[in-house]
1. Just checking, which of Asp104, Asp121 is touching a Ser or Thr at 6+ places or on another chain (Cβ under 8 Å), surrounded by fewer than 21 Cβ atoms within 10 Å (Cβ to Cβ) and under 30 Å from Val30 (Cβ atoms)?
2. Given the residues Ala244, Ala182, which is the only one that is over 25 Å from Ser27 (Cα atoms) and under 16 Å from the mean Cα position of the chain (by Cα)?
3. Which residues, taken from the stretch 222-235, are touching a residue at least 12 places away in the same chain (Cβ under 8 Å) and over 12 Å from Ile195 (Cα atoms)?
4. Going through the stretch 58-81 one residue at a time, which ones are part of a loop (DSSP other than H, G, I, E, B) and closer than 11 Å to Gly142 by Cβ?
5. Can you pull out the residues in the stretch 138-190 that are under 19 Å from Ile249 (Cβ atoms) and in a loop (DSSP other than H, G, I, E, B)?
6. Kindly indicate whether any position in the stretch 43-52 is in contact (Cβ under 8 Å) with a residue 40 or more places away in the chain, of a type in the set (A, V, I, L, M, F, W, C) and outside any loop (DSSP other than H, G, I, E, B).
7. Would you please name the residue that is surrounded by the most Cβ atoms within 10 Å (Cβ to Cβ), looking only at residues in the stretch 34-44 that are of a type outside the set (Gly, Ala, Ser) and in contact with a helix residue (DSSP H, G or I) (Cβ under 6 Å, 6 or more places away or on another chain)?
8. Select from the stretch 87-101 the residues that are in contact (Cβ under 8 Å) with a residue 60 or more places away in the chain and surrounded by 13 or more Cβ atoms within 10 Å (Cβ to Cβ) and write down the one among them that is nearest to Thr147 (Cα to Cα).
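Just so it is clear, none of the values below were taken in a lab; they were calculated from the coordinates. The structure presented is a predicted model; accordingly, all values stated were derived computationally and were not measured. FYI the Cβ positions are ideal-geometry reconstructions off the backbone, even for glycines, and counts take in every protein chain you see.
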Amino acid sequence: MELKNTSSVVTGGASGLGEATAKLLASRGVKVVIADLNDERGAAIAKEIGGTYVHCDVTNTDQIIESVEAAKKLAPLWTAVNCAGIGWATRTIGKDGEYASAHDLDLYKKVIMINLVGTFDVCRIAATAMSHNTPDVDGLRGAIVNTASVAAEDGQIGQVAYSSSKGGVVGLTLPLARDLAAIGVRANCILPGLIDTPIYGTGAASDEFKARLGAGVLFPKRLGYSEEFASLAVELLSNSYMNAESIRIDAGIRMQPK
């Protein structure tokens with residue numbers, strides 16, 4: 001599928017996986033809308049790659065529509081990449097056996113709303129816009145890549161909310177692809193492992209912590225690079241025969257309980 005002279009919406013595009021993907025798409029001739037909550041960083045990246053920044057909370061449908069409409073003004077919208085998400089670590093029950101110390105239900109709902117419901121909302125809005133595209137030789141009108149996590153399959157202690165949300169993203173992949181086949185839009189999912197993103201911070205202590213994490217990876221024994229995720233994301237967008245797949249990019253790691 002040809003990407004040049006099209007537009008794309010990348011949620012969470014102001015940092016980490018989303019930033020790397022937005023930059024790689026731009027290098028392929030795509031006009032990218034950075035949809036994020038970090039206004040200063042998002043605007044700077046958009047300026048750097050010749051795209052547009054839109055302040056977008058993925059739990060806000062109006063802001064998702066604004067992002068999609070902004071992309072359509074740049075070029076026909078053919079791709080969307082969902083990288084926006086949050087993590088949370090809390091055990092299901094507390095140590096004192098009291099109901100009040102059980103996992104905060106509002107926090108659980110928040111993680112689900114952002115990581116799962118937000119992802120689906122972007123999919124349904126972006127795909128609706130793509131349905132108006134003139135199909136290519138294969139009948140394609142677009143492609144979507146969603147971001148899950150190896151936690152969807154190897155959830156660790158305290159990751160109930162996060163793993164639930166990412167398992168949902170994996171679970172929606174096949175039925176989403178089947179739904180969107182009617183309009184010629186493909187949908188795939190990436191399950192990244194331990195990727196070196198700003199979430200780990202910077203400095204000597206951060207480097208030491210990341211080195212310990214990398215030692216548990218099968219091979220190569222390091223954290224992944226955002227650019228490696230981006231490379232896979234762009235391949236899934238451009239390769240017309242990739243559809244309905246959920247692919248781990250984790251150097252062979254299988255997460256232990258803790």
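1. The match here is Asp121.
2. After applying the criteria, what remains is Ala244.
3. Ser231, Leu232, Ala233, Val234
4. If the condition is that a residue be part of a loop (DSSP other than H, G, I, E, B) and closer than 11 Å to Gly142 by Cβ, then Pro76 is the only one that fits.
5. Those that are under 19 Å from Ile249 (Cβ atoms) and in a loop (DSSP other than H, G, I, E, B): Ala148, Ser149, Val150, Gly155, Gln156, Gln159.
6. no
7. In this case the residue turns out to be Ile34.
8. Here the answer is Gly87.
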